[in-house]
Every structure is written in C-alpha cells, then in structure tokens.
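**Student:** Please see the structure below; I have some questions.
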Amino acid sequence: MVHAVKVFKKTAPNGKITVYLGRRDFVDTTLNTEPIDGIVVVGDDYLQGRKVFASVTVTYRFGREEDEVMGLHFSKEMQLTAQEIYPKPADTKVTEVQDRLLKKLGNNAYPFSVSLPENAPCSVQLHPGSEGTAKPLGVIYELKVFVADHKEEKPHKRNSVTLAVRKVQFCPADRYKRHPSTLASKGFTFSSGKLDVELTMNKECFYHGEQVTPKLTITNNSKKTVKSMKCSIVQHIEATMINSQTTREVASLETKEGCPLQPGDRYLKTFYITPLAANTAKFGVALDGRTKDADANLASSTIMREGTCPNDALGIVVSYSVRVRLNCGALAGDLVADLPFKLLHPGTEKVQTKAEEIEFEEFTRLRRGKSVENQL
C-alpha cells in the first residue's frame, strides 16, 4: 500500500519564494513544543547576497475591528521569534518529509525549523457573533518567510510568504486518572434542614464529541420542594492580557423528571449531554478552529505546565465545568453545584510509515474551499 503525505504549498506574489509545510498544527506537550518545520525554495540568482528569514507572530484580538473608534484598539501583535533560515544553520535537523522534499525540489530547496517560546499561548478563536467580522477574534499565529538583509527589516508583501499555523494541545497519556466529585448544600431561612446534592463523574477528561455523563444524587432533608433541575456545560474563558473573565453555556438540558422532589425524598439521576460547537453561535464562545468551518470544535481546555503558576498563563485560558441547578421556587431560590473537567483531543501516537508519494495542496485553499487570506 502506498502512503501519500500531504504537503501544503504557498508561493510569494513575485513567484521567487515558495514555502512547503508538512503540517499546520504544532503540538505543545507541556514539556516542549514541536518546531515549525518545512522547506523554502528560492529562485535562481534572486537572493543576490541577501538572506532568508522566518518569523512567527501572534496576534491577540479581543474585540471586533468594526468597534474600534477614536483610536481604541482591540488587538495586540507580538513577534515571538525571527530566525535566519538561509544560509542554513549548521545544527538544522532534517525530518523524513523534509528529506523527501529536498530530493524532489532540487538544489534551490532549503530546510528550516523555527522554535516557539515555551510560554507561547495556544491557538484559540472566539465566535464573532456575526458573519460580517473582517478579522477573527482570539489568538492567531502567522509564519512569515521573507528575503531581507537583516531580520529587523520590514518585509515587503511581494517577496514574502505568510501562512496561518496553530499551536495545539492534546490529552497527555496517563495524566488524568481521578474521578471528580463535589458536594453542595443549601439551607433556608426560617426553615430547618438542608437540601444536599452530590455530583460525580466517572473520569476527569472527555474528548471532543464525547458524551459527558454527570451523576446526580439529591437528598432533600429540608422542608422545601425541588420543582425542576437543569444540567449545563459551562465554558470559562479568561483573557489574561486584559484581565477579563467570561462564561458561556455551550450545552444544556432541563428536566422535571422526578419532580416535585418532596421533603425527605432522595433521587438519583445520570445526565447525558454533549458539548458541541454546532449547538451554539454565541459571541465569545471559544473554538479551536476557524469560526466558518463546519467541523470546528470547541476550544480545548488549557493545560498548564507542571510547576507553572496559573497567573503566569498568557493569551486565552479555557476551562470547563458541569453545572447543575436545582430550582426550589421563586422564594427559596436555587441550589447550584459546579464540577470542573477537561475537554481535549485524544493524544496522537506518531506512526512511522514510509511515504512513497507526496501530494501538494495549495495553502491558499482549505479542504472546504475557503481562502486562508480572507480569514487572517
């Protein structure tokens, strides 16, 4: 069986520089971050003593561009790194895909590898709430390859290539083994006894598209009656650069099953609820893909490196919790219980397969036919 490797290709407007990438997602394992590696092809006699550089910038946009008035800006742009990739540094290691591309593309092809800082934030996009937003919200990465005399020089569009890349995280193997649980209780004025609720789950980490199954145990030792109950998945979003915290409900299920729950009763119930990006179109919901993609997932939970203080996190920090709300009437109020959990992609094991063929795909077109430039 012949295994084909898809390689993404993009050429500068002047046709003199072409960049090839074997992947657009680079994984942060919490121990290290995979480098952005690829191949750059430069036309004959084009450099004329100049050098080729690669830079990675991260744009942090936390507000819509059309709302920027009177000099107010809702974005910050930072250059994380700028490295010389030609002439090739002596310590450049070549991957299998790069080696095959070098043999296929000829003498003007040069490998490169760009490392990201350890504390660089993960890629997250926020739902704009409307289709008319020109630029995406969230943390957006760009790789730019350009020709210049020195790396501080501002590149011109005609002799540079800009590509959108992402920094992602997967579920670490054997890290989340516990069975989370929480207890909550509520007392009532002028009434003896309490309403108790226990919320448990059989695991801490769930994958995108998987059902979350919280188990609820209600013990009514009060003199009040539970009229209804609601279970929801809440996405917690912390924008660290502007010190802003928001929550979004990404899935919910309300029921009166077992209600009214009278004083002295005990009730057990398991909810089956699936958090999906397709179920919500609220402004500010964090996604892990472009908002126009039909198969975009909710943003994964942010995993902190061991020994890292949560206050040192950068960008947009995402977390999730199951929230159960018991309605005891207008006068008695509600009892609310929250139980945090992780929502992640499953870890991927790299399978060593020999690539017999290389399939090229223009970087300006996604598999759904949308243009990358229109979304940057």
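The values are calculated or read from the model by the stated rules, or taken from the named source; none is laboratory data. Computed from a prediction, not measured in an experiment: that's the story for all the values here. Glycine gets a Cβ as well: all are built from the backbone with ideal geometry, and neighbour counts include every protein chain shown. Calculation scope for accessible area: heavy atoms of the full protein, side chains included, ligands and nucleic acids excluded. Shrake-Rupley method; radii C 1.70, N 1.55, O 1.52, S 1.80 Å.
**Student:** For the range 23-112, build the convex hull from the C-alpha positions and give me its volume per residue in Å³.
**Tutor:** Normalising the Cα hull of the range 23-112 by residue number yields 173 Å³.
**Student:** Figure the gain on full extension for Thr57 and Lys6 (residue separation times 0.36 nm, minus the Cα-Cα span) and round it to one decimal in nm.
**Tutor:** Additional length available on full extension: 15.9 nm.
**Student:** Probe radius 1.4 Å, ligands and nucleic acids ignored: give me the carbon and sulfur share of the accessible area of the range 1-126 as a rounded percent.
**Tutor:** Carbon with sulfur: 49 percent of the solvent-accessible area.
**Student:** Quick one: length gained pulling Lys227 to Glu118 fully straight, 0.36 nm per residue minus the C-alpha distance? Before the final figure, lay out each step's value.
**Tutor:** On the way: separation 109, 0.36 × 109 = 39.24 nm, distance 5.00 nm.
Answer, rounded to one decimal: 34.2 nm.
**Student:** Further question on the same structure: Collect residues whose amide H, placed 1.01 Å from N in the peptide plane, falls under 5 Å from the amide H of Arg23; neighbours closer than 5 in sequence don't count.
**Tutor:** Long-range HN contacts for Arg23: Phe8.
**Student:** Further, regarding this structure: First compute the accessible area of the range 199-285 with a 1.4 Å probe, then give the percent of it belonging to carbon and sulfur atoms.
**Tutor:** 45
**Student:** Also: Quick check on packing: order 249-256, 32-39 by the mean number of other C-beta atoms within 10 Å, highest mean leading.
**Tutor:** Output ranking for 249-256, 32-39: 32-39, 249-256.
**Student:** Further question on the same structure: Quick one: accessible surface of His236, probe radius 1.4 Å, all protein chains present, in square angstrom to the nearest 10.
**Tutor:** 50
**Student:** At a Förster radius of 56 Å, what calculated FRET efficiency corresponds to the Cβ-Cβ distance of Lys135 and Gln262, to the nearest 0.05? Please list the in-between numbers first.
**Tutor:** Working: r = 55 Å, r/R0 = 0.98.
It comes out at approximately 0.50.
**Student:** As a test question: what accessible area, to the nearest 10 Å², does Val97 have when a 1.4 Å probe is rolled over all protein chains in place?
**Tutor:** Looks like 50 Å² after rounding.
**Student:** Right, next: With the crude spin-label approximation of a point 7 Å out along Cα→Cβ, what separation in nm comes out for Asn108 versus Thr30?
**Tutor:** In this crude label model, Asn108 to Thr30 measures out at 4.6 nm.
**Student:** Right, something else. If you stretched the chain out fully between Leu183 and Glu153, how much longer would it get, using 0.36 nm times the residue separation minus the C-alpha to C-alpha distance?
**Tutor:** Gain on stretching Leu183 to Glu153: 4.9 nm.
**Student:** Separate question: When the Cα centres of the range 197-269 and the range 1-65 are compared, how far apart do they sit, in Å?
**Tutor:** About 44 Å separates the Cα centre of the range 197-269 from the one of the range 1-65.
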